[in-house]
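Asks: If you scroll down you'll find the structure; I have some questions about it.
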Amino acid sequence: MTTQTGRARRRISPLLLREYIAFYLFASPWLLGLLVFTLGPMIASLLLSFADYPVIVAPKWIGLKNYVDLFTDDKLVWQSLKVTLLYSLGAIPMTLCFSFFVATLLNQQIKGVKIFRTIYYMPAVISGVPVALLWMWMLNPEFGLVNNALRWVGIKGPQWFFSTTWVIPAFIIMNLWTIGVTMVIFLAGLKGIPDHLYEAADIDGAGPWSKFRNVTLPMMSPIILFNVVIGIIDSFQIFTPAFIITNGGPANASLFYGLYLYNNAFKFFKMGYAAALAWLMFLIILALTGLVFRSTARWVYYEGSLIR
């Protein structure tokens, strides 16, 4: 009988080996997609951000020059960041509040509520160029539906997309067209709140506002967090409406960051500089979402967590 001098090596059983092989075979489409369409382009863009790449010739390594120019010489970078931040500060809270309000209304047990849910969600199915063209007509200062409605009540409508003052509010109003997705997420969260919490609040004599503040909002706080993060990401990637309607005008008042990135890559053929802009966007989104997550201890409640 031999004695063992170290830890015995465990051999993988044939059954476990077959499970490993089956797992990687089924996961291989996703893994290949991740490597080819996500990680690969990200690594390539990171390398290109340190190069001068006008597309028609091979990239030339220039080190940190793109980032130096980005922070020191290009004023349009800061203009595009300003436009995007102003849009985000208006669009995210308005979308959250309005979609939460609509979801609360559609959570009531009334006749025909499913029809209203469908009606409010249907606009979110249509996106991109058709929506941009629709809002170009609705907010046209001369014959648009909105300004015509304002004239009926004696109000002169603004110039909307043709005004440096009103172009960002116009895009914020236009963004309300897509509240259907956020509304459905809020509605799912409202359906998941246990009824016994409201029953306990009724026993304690809580009114509608007290139940909303002490039951609904805490239970919905993780859903609100999710929608805030998605809203930050989406607001920094706005492109199609600005490209179709204003193309950055008037006077760069709607030069969103995504549109400026696109112009550098496919209009000015400064692909290396555009890659640097893309990584700056990534870092900004990462920093903003990080700040949001650091604040969650103060306002996000998870069921089962200890209340301090």
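The values are calculated or read from the model by the stated rules, or taken from the named source; none is laboratory data. Values in this document were obtained by computation on a predicted structure and should not be read as measured data. Here the Cβ positions follow ideal geometry from the backbone for every residue, glycine too, while neighbour counts run over all protein chains shown.
Asks: When residue 41 is evaluated against the numbered criteria (1) closer than 24 Å to residue 287 by Cβ; (2) at pLDDT 95 or above, which criterion, by number, is the only one it fails?
Replies: Here residue 41 meets the rest and fails (2).
Asks: One residue is enough: does the stretch 243-251 have a residue meeting the conditions crowded, with 17+ Cβ neighbours inside 10 Å, part of a helix (DSSP H, G or I) and in contact with a Phe, Trp or Tyr (Cβ under 6 Å, 6 or more places away or on another chain)?
Replies: At the first step, the residues of the stretch 243-251 found to be crowded, with 17+ Cβ neighbours inside 10 Å are 243, 245-246, 248.
Now drop any that are not part of a helix (DSSP H, G or I), which leaves 243, 245-246.
Applying the additional criterion that residues be in contact with a Phe, Trp or Tyr (Cβ under 6 Å, 6 or more places away or on another chain) yields 245-246.
Yes: the stretch 243-251 contains one or more residues that are crowded, with 17+ Cβ neighbours inside 10 Å, part of a helix (DSSP H, G or I) and in contact with a Phe, Trp or Tyr (Cβ under 6 Å, 6 or more places away or on another chain).
Asks: Would you mind finding the one in 217, 291 that is surrounded by 14 or more Cβ atoms within 10 Å (Cβ to Cβ) and either in the same structural domain as residue 203 (by TED's automatic domain parsing) or not aliphatic (A, V, I, L, M) (or both)?
Replies: 217
Asks: Based on what the data block shows, is residue 122 within 20 Å of the chain's Cα centre (by Cα), in a helix (DSSP H, G or I), exposed (fewer than 15 other Cβ atoms within 10 Å of the Cβ) and in contact (Cβ under 8 Å) with a residue 24 or more places away in the chain?
Replies: For residue 122, the condition - within 20 Å of the chain's Cα centre (by Cα), in a helix (DSSP H, G or I), exposed (fewer than 15 other Cβ atoms within 10 Å of the Cβ) and in contact (Cβ under 8 Å) with a residue 24 or more places away in the chain - is met.
Asks: Would you please name the residue that is farthest from residue 168 (Cα to Cα), looking only at residues in the stretch 63-101 that are in contact with a Ser or Thr (Cβ under 9 Å, 6 or more places away or on another chain) and among the β-branched types (Val, Ile, Thr)?
Replies: Within the stretch 63-101, the match that is farthest from residue 168 (Cα to Cα) is 95.
Asks: Within the stretch 125-162, which residues are assigned to a helix (DSSP H, G or I), exposed (fewer than 11 other Cβ atoms within 10 Å of the Cβ) and β-branched (Val, Ile, Thr)?
Replies: Listed by number, the list holds a single entry, 125.
Asks: A further question on this structure: Let me spell it out: the conditions are (1) in the same structural domain as residue 220 (by TED's automatic domain parsing); (2) exposed (fewer than 13 other Cβ atoms within 10 Å of the Cβ), and residue 103 meets all of them except one. Which number is the exception?
Replies: Result: residue 103 passes all but (2).
Asks: Kindly indicate whether residue 252 is free of Cβ contacts under 8 Å to residues at least 24 places away in the same chain and closer than 30 Å to residue 162 by Cβ.
Replies: Numbers: free of Cβ contacts under 8 Å to residues at least 24 places away in the same chain: no; closer than 30 Å to residue 162 by Cβ: yes.
Taking the combined requirement at face value, the residue does not satisfy it.
Asks: So for the stretch 231-242 (the condition being modelled with pLDDT under 95, within 15 Å of the chain's Cα centre (by Cα), of a type in the set (Val, Ile, Thr) and not in a helix (DSSP H, G or I)), does at least one residue qualify?
Replies: Yes, the conditions are met somewhere in the stretch 231-242.
Asks: Given the criteria over 19 Å from the mean Cα position of the chain (by Cα), closer than 29 Å to residue 284 by Cβ and surrounded by fewer than 20 Cβ atoms within 10 Å (Cβ to Cβ), does residue 166 qualify?
Replies: So residue 166 fits the description; yes.
Asks: If only one of 283, 277, 288 is assigned to a helix (DSSP H, G or I), without any contact (Cβ under 8 Å) to a residue 12 or more places away in the chain and aliphatic (A, V, I, L, M), which one is it? Walk me through how you get there before you give the answer.
Replies: Numbers: 277 fails: without any contact (Cβ under 8 Å) to a residue 12 or more places away in the chain; 288 fails: without any contact (Cβ under 8 Å) to a residue 12 or more places away in the chain.
Exactly one of 283, 277, 288 is assigned to a helix (DSSP H, G or I), without any contact (Cβ under 8 Å) to a residue 12 or more places away in the chain and aliphatic (A, V, I, L, M), namely 283.
Asks: Still on this structure, please answer the following. Can you pull out the helices (runs of 4 or more DSSP H) entirely within the stretch 25-119 that have at least 1 residues that are touching a residue at least 60 places away in the same chain (Cβ under 8 Å) and of a type in the set (D, E, K, R)?
Replies: Here the list reads 65-72.
Asks: Within the stretch 188-226, restricting attention to residues that are among the aliphatic types (A, V, I, L, M) and part of a loop (DSSP other than H, G, I, E, B), which residue is farthest from the chain's Cα centre (by Cα)?
Replies: 206
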